[in-house]
Amino acid sequence: MSCTLKTLLVTVSRRINVAAEKAKLFHETQAGFRLKEEAVTQAACMVDVIQRRRLAGRKTYVVFVDLRKAFQSFNLTKLRRSTRD
């Protein structure tokens, strides 16, 4: 992909995202693919929910789908360890 095309796509994507945020098109719990949302923060929230359910004696099943390796710097091994019984 050329630099010009990539710059154009990033600019259009940002404008769409800002417009969608202003129009409140996203649900407050949606974090994926939103500006200023981090995968690490979302993982920490998920671990917290799992731990609370475990304390309450409730089973929890988790699926982590990483399409196109969007979170290459994310430590999946650490996430798996923190969610095991």
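Every number here is computed from the coordinates shown, using simple stated rules; none is lab data. If you're wondering where the values come from, they're calculated on a predicted model, not measured in any experiment. In this analysis, Cβ positions are derived from the backbone assuming ideal geometry, glycine residues included, and neighbour counts consider all displayed protein chains.
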(message) Can you tell me the length gained on complete extension of the stretch residue 10 to residue 27, counting 0.36 nm per residue apart and subtracting the Cα distance?
(response) 3.8 nm
(message) Please compute the modelled spin-label separation between residue 56 and residue 18, points set 7 Å along Cα→Cβ, answer in nm with one decimal.
(response) 4.0
